[in-house]
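K.L.:
The structure follows.
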Amino acid sequence: MKASDQYHKWVEWSDEDHIYIGKCSDVITGIHGDDPVRLCSELCDVVDEVIYHFVSERRPLPRPLIRPMQEVQ
């Protein structure tokens, strides 16, 4: 498993901005684009790059907090 796999990522439509927003709240605020499939791929790449930066700077990775299904029994 890659380090980025522990972080929840999602793409959603923004009615306010009329664009897709890709989010990974534990690592970045978000990115945007017109194509949700391409945006999902770009989001994964950006999260990987942020994690690489943390590791190269010897900084601890943020603790994964966003777990939508964690509370479901």
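K.L.:
Leaving out ligands, DNA and RNA, what percent of the accessible area of the chain is carbon and sulfur, probe 1.4 Å?
P.N.:
Roughly 51 percent of what the probe reaches on the chain is carbon or sulfur.
K.L.:
Using the scaling law 2.2 N^0.38 Å as the reference, what is the normalised Cα Rg of the chain?
P.N.:
On the way: Rg = 13.2 Å, N = 73, 2.2 N^0.38 = 11.2 Å.
Relative to the rule-of-thumb radius for its length, the chain sits at 1.18.
K.L.:
Next question, about the same structure. Just need the relative contact order of the chain here, percent rounded to a whole number, with Cα pairs under 8 Å and 6+ apart.
P.N.:
Values: 88 pairs, mean separation 20.8, N = 73.
It comes to 29 percent, rounded to a whole number.
K.L.:
Give the accessible surface of the chain per residue, rounded to a whole number of Å², with probe radius 1.4 Å and ligands, DNA and RNA excluded. Write out the running numbers ahead of the final one.
P.N.:
On the way: 5560 Å² over 73 residues.
Per residue, the chain has 76 Å² of solvent-accessible surface.
K.L.:
Further, regarding this structure: Against the longest principal axis of the chain, how steep is helix 36-56, in degrees 0 to 90 to the nearest 10, with axes from Cα atoms?
P.N.:
Approximately 20 degrees, to the nearest ten.
K.L.:
Now for a different question. In square angstrom, rounded to the nearest 10, how much accessible surface does ILE21 have for a 1.4 Å probe?
P.N.:
So the heavy atoms of ILE21 present about 30 Å² to solvent.
K.L.:
Need one value: the accessible area of LYS23 in square angstrom, 1.4 angstrom probe, rounded to the nearest 10.
P.N.:
The accessible area of LYS23 comes to roughly 50 Å².
The values are calculated or read from the model by the stated rules, or taken from the named source; none is laboratory data. None of these values were measured; they are calculated from a predicted model. Accessible surface is based on the protein model in full, side chains and every heavy atom, while ligands, DNA and RNA are left aside. Shrake-Rupley method; radii C 1.70, N 1.55, O 1.52, S 1.80 Å.
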